[in-house]
Amino acid sequence: MNPDPVVLIVSSAFGDGHAKVAQAIEQSFKSRGVDRVHVVDLFAEVHPWLNGVSRAFYLKSAVYAPNIYGLMYNTTSGMKPDYPFGRLLHSMGKRKAKEVLEEIRPDVIIHTFPYLAASQLGKESAIQVPVFTVLTDYVLHGRWIHPHTMKYFIPTESIKEALLSAGIDEQAITVSGIPIREAFTRSPNRAEVLQKHGLRDNRRYILLAGGAYGVMARIRNILKSVLDHTDFDFIVLCGNNDRLRESLEDTYRDNSRVHILGYTDDVHELMSISFCLLTKAGGVTLTEAFAMLLPVIVYRPLPGQEAGNAESLSMQKAIYTACNERELLDRLRRLGIQSFREEIERQMKAISRTESSSRIVDEVMNAIKERPSYAGRILKKTEGKGKAKTARGYR
């Protein structure tokens, strides 16, 4: 076994979930003494301009043209890697991707984002680096599938059935759950959290999270409707949307029932003292809530993977969805009834797998055993041509 393996985790800044999953896996590796872990936004490295344009389109379409994004997502959902469009997506930037791989020289590659140029390179190269894929949603899209993938780590049995239907061997599938950071597996002290954030013990808080970039639509309508018709207070997470945060602060500056925050790393603390989470249907955020047994209401899920997540999980009765303010008020009323709340907690507990990161790292470490290191293979190939490069610029 290579005693000091090099791990490459391919992530992305599209949303916040891919980066969070990469961070959770990285933490698990480092807890075992594996320190040479590089988290790389590979698409941004090889196509910075296209990455910026695509990211802007994703964020803007979520607000202004969600149906266009949903149409594109659904149209390509059945795409296979050997389709022309699939080959194009996974081949884009191969030359630059190859340079990055030669710089890092990984012994294993783990994808938390479906840009699979590294898999494509591995398929075409004589150097066989084990490639793993960690799905970050509760619905399968064809972009995640690649024939050079050694193992798929997936959230649920329903995804397993979809992969089997797509022709993936059962031995290449592990139902691991979606990795989350260790902070979401602990229960903070309620009194300390309330004091830290200036909150009151005699109030019921709805944690309203619009994602890392604060893109959930109709936040003002939600606030007005719930404040007018219930006694709930709000903790509003605006993410990196400074304009939204400043606007809401101006509106609710003198309202003690509304607490406005920007991006924070204390989401696990705020979840621990909240009555429920009102959010968009990002797979990682939902998984974090499940780990803390915090009931979730998804409001007007966006077309695409979020609609898929919401549909899949609501069918399993693990979340509630609401398409308008009337339905939202009804879902809040239900969560106040003990029997409804206990049922949804049972379903969340059935889905939640808090040891996901450890299980993934166990299997990856087993795959590394008995395989010569990438660095060793490169040194043999370049013997007499100078020393191999060292990885720089990546964490």
(Q) I'd like the full set of residues that are open to solvent by 20 Å² or more (accessible area, probe 1.4 Å), in contact (Cβ under 8 Å) with a residue 24 or more places away in the chain and part of a loop (DSSP other than H, G, I, E, B), limited to the range 138-178. (A) Val139, Leu140, Ile145, Pro147, His148, Met150, Ala166
Q. Does Tyr263 satisfy the criteria of being modelled with pLDDT of 95 or more and either farther than 16 Å from Arg220 by Cα or open to solvent by less than 20 Å² (accessible area, probe 1.4 Å) (or both)?
A. no
**Q.** Some residue of the range 289-303 being crowded, with 21+ Cβ neighbours inside 10 Å and farther than 27 Å from Arg341 by Cα
**A.** no
Q. Quick one: in the range 179-203, which of the residues that are out of contact with any Lys or Arg (no Cβ under 9 Å at 6 or more places or on another chain), of a type outside the set (A, V, I, L, M) and without any contact (Cβ under 8 Å) to a residue 40 or more places away in the chain is nearest to Thr287 (Cα to Cα)?
A. Asn189
**Q.** Qualifying positions in the range 217-231 - open to solvent by 10 Å² or more (accessible area, probe 1.4 Å) and at pLDDT 90 or above
**A.** Lys224, Ser225, Leu227, Asp228, His229, Thr230, Asp231
Q.
I'm trying to understand the selection: among the residues of the range 336-356, which are part of a helix (DSSP H, G or I) and either free of Cβ contacts under 8 Å to residues at least 24 places away in the same chain or farther than 16 Å from Met292 by Cα (or both)?
A. Gln338, Ser339, Phe340, Glu342, Arg346
Q.
Please verify whether Ile344 is surrounded by 16 or more Cβ atoms within 10 Å (Cβ to Cβ), closer than 30 Å to Ile68 by Cβ and out of contact with any His (no Cβ under 9 Å at 6 or more places or on another chain), treating the condition exactly as stated.
A. no
(Q) What's the number of the only condition in (1) part of a helix (DSSP H, G or I); (2) under 28 Å from Arg204 (Cα atoms); (3) free of Cβ contacts under 8 Å to residues at least 40 places away in the same chain that Glu311 fails to meet? (A) (3)
Q.
Suppose we filter the range 305-331 for residues that are in contact with a Phe, Trp or Tyr (Cβ under 8 Å, 6 or more places away or on another chain) and open to solvent by less than 10 Å² (accessible area, probe 1.4 Å); how many remain?
A. 5
Q.
Residue pairs, Cβ under 6 Å, 6 or more apart or interchain, first in the range 22-37 and within 14 Å of Ala183 (Cβ to Cβ), second open to solvent by 10 Å² or more (accessible area, probe 1.4 Å) and in a loop (DSSP other than H, G, I, E, B). List them.
A. Ala24/Ile180; Ala24/Arg181
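The values are calculated or read from the model by the stated rules, or taken from the named source; none is laboratory data. What you are looking at is a predicted structure, and each value in this text was computed from that prediction instead of being measured. Every residue, glycine among them, receives a Cβ derived from its backbone with ideal geometry; neighbour counts consider all protein chains shown. These area figures cover heavy atoms from the full protein model, side chains too; ligands, DNA and RNA do not enter into them. Shrake-Rupley method; radii C 1.70, N 1.55, O 1.52, S 1.80 Å.
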